[in-house]
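Have a look at the structure below, then the notes.
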Amino acid sequence: MSDLTDLTIEEAHALLQRGEVSSVELTQAHLERIEAVDGLIRSYLTVTAGQALDQARAADARRAEGEDTPLLGVPLSYKDVLCTRGVQTTCGSRILEGYRPPYTATAIEKLEALGAVMLGKTNMDEFAMGSSTENSAYVVTRNPWDTERVPGGSSGGSAASVAARLAVASLGTDTGGSIRQPASLCGVVGLKPSYGRVSRYGLVAFASSLDQIGPLTRSVTDAALMLNAIAGHDPRDSTSMNVEVPDYTAALRADMQGLRVGVPREYFIEGMQPAVEAAVRAAIDQLAELGAEIREVSLPHTDAALPVYYLVAPAEASANLARFDGVRYGPRVVAGSMWETYRQTRGQGFGPEVKRRIMLGTYALSAGYYDAYYLKAQKVRTLIKQDFEQAFEQVDLIACPVSPTTAFRIGERIDDPLQMYLSDVLTLAVNLAGICGISIPCGFDENDLPIGLQLIGPAFGEEQVLRAAYAYEQSTDWHTRVPAL
């Protein structure tokens, strides 16, 4: 029943609702495909087959009693940075190997309350630090469109699991582009909600003022359904906003009449792959065909986003990751003294990229450098936020590329951190400003690798972003293409 793995949430729900398929059959089909294909893709770190079938049976029983939700009985995957009670949660790091949290992240709790099935936990760059999923301490995930290439990161396992038909949809996290960039590189839809829209409770923190949980799906409708499920205030997360959550599916329309779309001149950068620029410009022309008014806008502090991000994020990481000391979580390397135990545990438990960022962050926060680096970065962050606020006085949305290139080869940038950091140059500013953005498929390059269009909205402007993304998606067929695995 391999065709069962080609379904969107919307299609799976329709079949389940009509009784043409059971959740157990749907879940079994995905588990069989994981067994057959994931040895090549390596998108999962943990597959929870027994638990998934139990949840599927429970979903079928709930449906038999007349219950119905769009996610009841639908098999999903979750990035391994989200806590799942009793199920290993490693954050892609050796320092959390074997850690089984005593609680579940709010976003997953909400999905489980609606009857969603958990297939397992997906691979990621260690502690979400990376753009290629090569920084995982366990395996390198491969791009389903070309297994010699990266799937993007840090939510590379989540994006690959959706693209390779190893889950109907997934939850990832986005600190500087970690949902949108892998979505673009894997040819799926990836939505980064506004900061505060989705509870971060149960998300193992990397940079607390930047991290946000969001869906990776095969269609814009599915992204809206997932956001409906996970959005909303949570008293357990002090950064969660107590604002009304609309029905995002009600915002989906096939036209863009009345929407003003800004194109930032700073986002078509030098060195961008020509195929990416051509596909994104063609997509912007298509938005105009659908009724959008296209205007050029300027985001003058765009160049500062990369250095600001690489001061703010490592500084927050240095504070957040101090708790991994061999005393409370994961493996411990016992040495002669307490300090030596700390040093040995962290030295062996963290990978090179995490160590690099902890050192960067600790330096930026240290006495004598705090004002020169961290404080100045926070001031420039305010300017970046103001750039977007001024732009959104003139336009409703911003359209631009997601990544300057399509998926690069595994190993190509691993020894060049700066080149790797530039992979996120077009996505970082959205996190610094706390606003929302989506990546949707808009073409392929000469090597048949997917290209994503990024649509950015103001804080809590997810309805407009989803509406525009849906209109574009419905007028093209890029999202219907499937990697030939």
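Out of Gln378, Gln386, Gln390, I need the residue that is touching a strand residue (DSSP E or B) at 6+ places or on another chain (Cβ under 9 Å), more than 29 Å from Thr147 (Cβ to Cβ) and of a type outside the set (A, V, I, L, M). Which one?
Details: Gln378 fails: touching a strand residue (DSSP E or B) at 6+ places or on another chain (Cβ under 9 Å); Gln386 fails: touching a strand residue (DSSP E or B) at 6+ places or on another chain (Cβ under 9 Å).
Among Gln378, Gln386, Gln390, only Gln390 is touching a strand residue (DSSP E or B) at 6+ places or on another chain (Cβ under 9 Å), more than 29 Å from Thr147 (Cβ to Cβ) and of a type outside the set (A, V, I, L, M).
Those residues that are charged (D, E, K, R), buried (at least 17 other Cβ atoms within 10 Å of the Cβ) and assigned to a helix (DSSP H, G or I), I need them from the range 386-409; list them, please.
Within the range 386-409, the first condition is being charged (D, E, K, R), and the residues that meet it are 387, 389, 393, 396, 409.
Filter once more, keeping what is buried (at least 17 other Cβ atoms within 10 Å of the Cβ): 387, 396.
The answer is Asp387, and nothing else.
With the checklist (1) in contact (Cβ under 8 Å) with a residue 24 or more places away in the chain; (2) out of contact with any strand residue (DSSP E or B) (no Cβ under 8 Å at 6 or more places or on another chain); (3) not polar (S, T, N, Q) in hand, flag the one item Leu227 doesn't pass.
Leu227 satisfies every listed condition except (2).
May I ask you to say which residue of Ser194, Ser209 is touching a strand residue (DSSP E or B) at 6+ places or on another chain (Cβ under 6 Å), in a loop (DSSP other than H, G, I, E, B), within 20 Å of Met241 (Cβ to Cβ) and assigned by TED's automatic domain parsing to the domain that holds Met226?
Only one candidate qualifies: Ser194.
For the range 1-80, list the helices (runs of 4 or more DSSP H) that sit wholly inside it and hold at least 2 residues that are touching a strand residue (DSSP E or B) at 6+ places or on another chain (Cβ under 8 Å) and under 26 Å from Glu148 (Cβ atoms); which are they? Let's see the steps before the verdict.
Numbers: elements: 9-18, 23-41, 49-64.
Passing ranges, in order: 23-41.
Scanning for something modelled with pLDDT of 90 or more, closer than 30 Å to Glu148 by Cβ and among the aromatic types (Phe, Trp, Tyr), does the range 352-374 turn up at least one residue?
Among the residues of the range 352-374, not one is modelled with pLDDT of 90 or more, closer than 30 Å to Glu148 by Cβ and among the aromatic types (Phe, Trp, Tyr), which makes the answer no.
Answer yes or no as to whether Val47 is assigned by TED's automatic domain parsing to the domain that holds Gly214, farther than 19 Å from Asp222 by Cβ and touching a Cys at 6+ places or on another chain (Cβ under 7 Å). Spell out the reasoning first.
Details: assigned by TED's automatic domain parsing to the domain that holds Gly214: yes; farther than 19 Å from Asp222 by Cβ: yes; touching a Cys at 6+ places or on another chain (Cβ under 7 Å): no.
So Val47 does not fit the description; no.
For Thr173, indicate whether it is assigned to a strand (DSSP E or B) and either in contact (Cβ under 8 Å) with a residue 12 or more places away in the chain or small (Gly, Ala, Ser) (or both).
Working: assigned to a strand (DSSP E or B): yes; either in contact (Cβ under 8 Å) with a residue 12 or more places away in the chain or small (Gly, Ala, Ser) (or both): yes.
Against the criterion (assigned to a strand (DSSP E or B) and either in contact (Cβ under 8 Å) with a residue 12 or more places away in the chain or small (Gly, Ala, Ser) (or both)), Thr173 qualifies.
Tell me whether the range 238-249 contains one or more residues that are under 24 Å from Ser403 (Cα atoms) and either assigned to a strand (DSSP E or B) or in contact (Cβ under 8 Å) with a residue 40 or more places away in the chain (or both). Let's see the steps before the verdict.
So the first thing to find is which residues in the range 238-249 are under 24 Å from Ser403 (Cα atoms), and the list is none.
Looking for residues that are under 24 Å from Ser403 (Cα atoms) and either assigned to a strand (DSSP E or B) or in contact (Cβ under 8 Å) with a residue 40 or more places away in the chain (or both), one finds none in the range 238-249, hence no.
In the set Ala254, Ala224, which member is at pLDDT 95 or above, of a type outside the set (Asp, Glu) and either touching a Ser or Thr at 6+ places or on another chain (Cβ under 8 Å) or not in a loop (DSSP other than H, G, I, E, B) (or both)? Can you show your working first?
Values: Ala254 fails: at pLDDT 95 or above.
Exactly one residue qualifies, and that residue is Ala224.
Of all the residues that make up the range 106-152, how many are buried (at least 24 other Cβ atoms within 10 Å of the Cβ), of a type in the set (Ser, Thr, Tyr) and assigned to a loop (DSSP other than H, G, I, E, B)?
5
The values are calculated or read from the model by the stated rules, or taken from the named source; none is laboratory data. From a predicted model like this one, the values you see are computed outputs, not experimental measurements. Note that each Cβ is placed from the backbone with ideal geometry, even for glycine, and that neighbours are counted across all protein chains shown.
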